[in-house]
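Please read the structure below before turning to the comments.
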Amino acid sequence: MAELRPSGAPGPTAPPAPGPTAPPAFASLFPPGLHAIYGECRRLYPDQPNPLQVTAIVKYWLGGPDPLDYVSMYRNVGSPSANIPEHWHYISFGLSDLYGDNRVHEFTGTDGPSGFGFELTFRLKRETGESAPPTWPAELMQGLARYVFQSENTFCSGDHVSWHSPLDNSESRIQHMLLTEDPQMQPVQTPFGVVTFLQIVGVCTEELHSAQQWNGQGILELLRTVPVAGGPWLITDMRRGETIFEIDPHLQERVDKGIETDGSNLSGVSAKCAWDDLSRPPEDDEDSRSICIGTQPRRLSGKDTEQIRETLRRGLEINSKPVLPPINPQRQNGLAHDRAPSRKDSLESDSSTAIIPHELIRTRQLESVHLKFNQESGALIPLCLRGRLLHGRHFTYKSITGDMAITFVSTGVEGAFATEEHPYAAHGPWLQILLTEEFVEKMLEDLEDLTSPEEQRERRGRQPGRVGLVCLQPQPQFKLPKEYSWPEKKLKVSILPDVVFDSPLH
């Protein structure tokens with residue numbers, strides 16, 4: 001539940017925003033983290049000291065459902081000469097540490113990130129005659145914040161969010177999101193750490209697929225060049241009825257060239273997935289597979305989690321040599337200062353504590369494995385193979401319904417515990433699968449029906465050996481479950497209904 005009120009209106013848990021000359025006694029009552037972010041807002045909007053604000057009636061730290069204490073809404077006049085239209089600017093308060101007393105976020109010092117290290121912003125084109133900002137973006141931001149708090153996954157610039165619904169619950173084609181640095185908000189040093197500002201950018205399904213097949217930053221740059229699709233400040237227009245590829249067909253050529261040259265920059269996803277070791281019977285109590293044994297699932301150890309997190313981080317660095325980092329004997333405390341290319345604790349959570357001491361979990365070579373995916377995550381397998389492994393990289397699926405992971409690696413990736421001699425290897429519930437280029441090509445042929453008919457036709461019309469096509473159509477629909485098997489490789493892949501992953505046993 002939330003209410004709309006001017007930010008200067010007194011509420012039950014927060015005093016009005018102090019001005020630059022607020023008396024010391026008053027300023028001391030105002031939460032320091034909140035005060036610091038307000039200061040940045042005042043810098044941008046000195047003429048709007050008390051913007052409209054959507055406020056959580058029952059704060060998250062009092063048991064309420066909304067993690068964001070406030071979402072402020074400002075009117076931005078834009079810059080017509082620079083093709084920047086007038087718009088509403090939404091700014092969240094709550095993903096960073098506002099209070100510093102551990103009521104929401106653990107205070108870890110002033111040098112690192114405050115809370116999750118960022119707040120969300122959103123820029124929505126103002127409609128003609130619109131005198132007040134729509135409030136639906138505040139609920140959208142609350143939804144993203146709930147995901148961050150519940151999963152402890154954080155966002156960084158270039159990330160994408162598959163929403164699968166018009167952002168404003170209308171009939172709009174804007175149904176997904178990319179994230180980028182806010183073009184005006186500067187990082188803020190608060191008493192509880194640094195806060196950066198990530199802007200939500202609404203995109204069409206075709207643009208999301210392009211970001212997945214290539215990279216989010218590349219698509220964001222293209223959106224900046226098309227005024228009606230975002231322009232320099234990436235302002236979302238929910239009335240936009242055409243994709244950037246329909247507006248300017250030449251942009252598709254740029255995406256195709258980028259995919260062919262760079263491959264995909266998507267190094268991993270949170271997904272509904274699981275794996276079974278077919279080498280051992282299910283009743284083997286020594287088995288460290290992903291499935292549950294009894295009622296207690298195996299969990300990723302903290303050090304495995306750290307390595308997977310680094311795997312994803314390094315996957316975002318296009319020009320770096322593909323390397324899986326070693327499992328460090330000592331886990332670093334706190335968070336990395338260089339957060340721009342990283343996924344902070346995107347695979348780290350309190351539930352990731354090892355059930356078995358890390359040192360006692362041996363790496364096991366497996367003879368035969370069975371991979372399980374829901375339809376959405378299964379549709380990304382061709383991207384994983386074509387856009388990542390054929391470019392000498394790796395790709396990780398991290399389960400959102402159980403604490404396990406599957407990492408596909410190519411022969412060019414160093415540091416993997418899967419090898420050409422033993423291509424299937426597991427460390428607790430983390431499975432690595434090494435695939436040779438020859439086998440990847442074979443899998444792509446056999447998995448062709450996971451891509452849309454339109455993409456299949458386009459690929460057949462291309463020159464032999466060219467890889468990395470962008471999928472510009474909705475996911476293919478077929479009857480589930482669907483199985484693919486390579487007996488000579490002792491590998492099986494199943495595409496299963498979502499309900500399978502909602503049960504405690506896969």
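The values are calculated or read from the model by the stated rules, or taken from the named source; none is laboratory data. Since the structure is predicted, the reported quantities are computational estimates derived from the model, not experimental observations. Glycine also receives a Cβ, built like all others from the backbone with ideal geometry; neighbour counts cover every protein chain displayed. Surface areas here come from the heavy atoms of the whole protein model, side chains and all, with no ligands, DNA or RNA. Shrake-Rupley method; radii C 1.70, N 1.55, O 1.52, S 1.80 Å.
Counting only residues that are more than 17 Å from residue 248 (Cα to Cα) and either part of a loop (DSSP other than H, G, I, E, B) or not assigned by the TED database to the domain that holds residue 185 (or both), the stretch 210-229 holds 2 of them. When restricted to residues that are over 29 Å from the mean Cα position of the chain (by Cα) and among the aliphatic types (A, V, I, L, M), the stretch 53-94 contains 2. Beta carbons closer than 6 Å, at least 6 apart along the sequence or on distinct chains, pair a first residue in the stretch 172-187 that is without any contact (Cβ under 8 Å) to a residue 60 or more places away in the chain and among the acidic types (Asp, Glu) with a second that is surrounded by fewer than 22 Cβ atoms within 10 Å (Cβ to Cβ) and part of a loop (DSSP other than H, G, I, E, B) for 181/157.
Scanning the stretch 61-94 for residues that are of a type in the set (Gly, Ala, Ser) and on the phi < 0 side of the Ramachandran plot yields 64, 72, 79, 81, 82, 92. The single condition from (1) open to solvent by 20 Å² or more (accessible area, probe 1.4 Å); (2) over 18 Å from the mean Cα position of the chain (by Cα) that residue 137 fails is (1).
The one condition from (1) open to solvent by less than 20 Å² (accessible area, probe 1.4 Å); (2) touching a residue at least 60 places away in the same chain (Cβ under 8 Å); (3) over 20 Å from residue 71 (Cα atoms); (4) within 21 Å of the chain's Cα centre (by Cα) that residue 223 does not meet is (2).
Here's the yes/no breakdown for (1) assigned to a helix (DSSP H, G or I); (2) at pLDDT 95 or above:
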site: 231; (1), (2): no, yes
site: 257; (1), (2): yes, no
site: 260; (1), (2): yes, no
site: 269; (1), (2): no, no
site: 279; (1), (2): no, no
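The condition of being in contact with an Asp or Glu (Cβ under 8 Å, 6 or more places away or on another chain) and either open to solvent by less than 40 Å² (accessible area, probe 1.4 Å) or at pLDDT below 95 (or both) holds for only one of 410, 399, that being 410. Within the stretch 399-417, residues that are touching a residue at least 24 places away in the same chain (Cβ under 8 Å) have Cβ atoms under 7 Å from residues that are of a type in the set (Val, Ile, Thr) and open to solvent by 40 Å² or more (accessible area, probe 1.4 Å) in these pairs: 411/436; 417/363, counting only partners at least 6 apart in sequence or on another chain. Examine the stretch 155-163 for a residue that is open to solvent by 40 Å² or more (accessible area, probe 1.4 Å) and at pLDDT 95 or above, and state whether such a residue exists. The answer is no; no qualifying residue exists. Among the residues here, residue 241 qualifies as surrounded by fewer than 19 Cβ atoms within 10 Å (Cβ to Cβ), more than 24 Å from residue 81 (Cβ to Cβ) and either modelled with pLDDT under 95 or assigned by the TED database to the domain that holds residue 180 (or both). Search the stretch 66-124 for residues being open to solvent by less than 10 Å² (accessible area, probe 1.4 Å) and part of a loop (DSSP other than H, G, I, E, B), and hand back the single one that is nearest to residue 32 (Cα to Cα). Among those residues, the one meeting the criterion is 98.
Given the options 129, 117, 94, 112, name the one that is assigned by the TED database to the domain that holds residue 215 and over 21 Å from residue 196 (Cα atoms).
Working: 117 fails: over 21 Å from residue 196 (Cα atoms); 94 fails: over 21 Å from residue 196 (Cα atoms); 112 fails: over 21 Å from residue 196 (Cα atoms).
The unique qualifying residue is 129.
Of the strands (runs of 3 or more DSSP E) lying entirely inside the stretch 386-444, the ones with 3 or more residues being more than 18 Å from residue 492 (Cβ to Cβ) are found at 394-399, 405-410.
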